[in-house]
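Colleague: Encoded as structure tokens, here's the structure I'll be asking about.
The values are calculated or read from the model by the stated rules, or taken from the named source; none is laboratory data. Note that the coordinates shown come from a computational prediction; the quantities given were computed from them, not determined experimentally. Here the Cβ positions follow ideal geometry from the backbone for every residue, glycine too, while neighbour counts run over all protein chains shown.
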Amino acid sequence: MKHIITSKQIEYLILLLLLPAAFWLTGCSGCTDNNDSGELENIPDVNVEIFRDADSTVIAEKAKEIDRKFQRLVKLTGFNGTVLYAEKGRIVLKKAYGYKNVRRKRDSLSTSDAFQLASVSKMFTAMAIMVLKNDGKLDYDDSLRMYLPEFPYNGVTIRMLLTHRSGLPRYM
């Protein structure tokens, strides 16, 4: 028997694949970057007012369409979180759905709320480490104390953390 995949199923699959990225993006706060002087400087928020140009209606329509899909997802699955959708460097939709206290349905979420990402952030951390390794800035077998001298455990390497073999106690 042949199984036919509907367009709704594809839409939900795409939304589910985008959710970890949306959680990661909304969990970032106070982003900083190194400048040439070695000092840290704050990166300003994107000015949403720049979208008041000729294609602002296109952006508004796209935002409505995405919002409708997430409203439907809220009704069907109880989705609770924040969404940031951008295209070509422009924010199309930045919106929160649900509550800070999901069980009691109290305190509506805002787009500036932070989330405990737990396992979702592991893939981004691992990818960043792989990029640093590729750039020759670290080695998988480097001790963590090389980068964090105050780290309390001896002999723990980056490879051990990436493969969950460090033997560190659970802190949560």
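Colleague: Looking only at the range 139-152, filter to residues that are modelled with pLDDT under 95 and assigned to a loop (DSSP other than H, G, I, E, B); which one of those is surrounded by the fewest Cβ atoms within 10 Å (Cβ to Cβ)?
Modeller: GLU150
Colleague: A further question follows. Pick from ASN134, ASN154: which is free of Cβ contacts under 8 Å to residues at least 60 places away in the same chain and in contact with a helix residue (DSSP H, G or I) (Cβ under 8 Å, 6 or more places away or on another chain)?
Modeller: Values: ASN134 fails: in contact with a helix residue (DSSP H, G or I) (Cβ under 8 Å, 6 or more places away or on another chain).
So the residue among ASN134, ASN154 that is free of Cβ contacts under 8 Å to residues at least 60 places away in the same chain and in contact with a helix residue (DSSP H, G or I) (Cβ under 8 Å, 6 or more places away or on another chain) is ASN154.
Colleague: Name the single residue that is farthest from SER166 (Cα to Cα) among those in the range 95-138 being assigned to a loop (DSSP other than H, G, I, E, B) and touching a strand residue (DSSP E or B) at 6+ places or on another chain (Cβ under 9 Å). I'd like the intermediate steps shown before the answer.
Modeller: As a first pass, look at the range 95-138 and keep what is assigned to a loop (DSSP other than H, G, I, E, B): 98, 102-105, 109-119, 135-138.
Those still in the list that are touching a strand residue (DSSP E or B) at 6+ places or on another chain (Cβ under 9 Å) too: 98, 105, 109-113, 115.
Details: GLY98: 37, LYS105: 39, LEU109: 36, SER110: 37, THR111: 35, SER112: 34, ASP113: 32, PHE115: 25 Å.
Per the stated criteria, the residue is LYS105.
Colleague: Only one residue in VAL156, VAL120 is surrounded by 13 or more Cβ atoms within 10 Å (Cβ to Cβ) and within 17 Å of the chain's Cα centre (by Cα). Which one?
Modeller: Numbers: VAL156 fails: within 17 Å of the chain's Cα centre (by Cα).
Criteria check complete, one pass: VAL120.
Colleague: Right, next: Give the range 88-125 a look and list any residue that's farther than 22 Å from ASP67 by Cβ and among the aromatic types (Phe, Trp, Tyr), or say none.
Modeller: Scanning the range 88-125 gives a single hit, PHE124.
Colleague: Taking the options ARG72, ARG68, ARG106, name whichever one is over 30 Å from LEU168 (Cβ atoms) and at pLDDT below 90. Spell out how you get there, then give the answer.
Modeller: Values: ARG72 fails: at pLDDT below 90; ARG68 fails: at pLDDT below 90.
Just one listed residue meets the conditions, ARG106.
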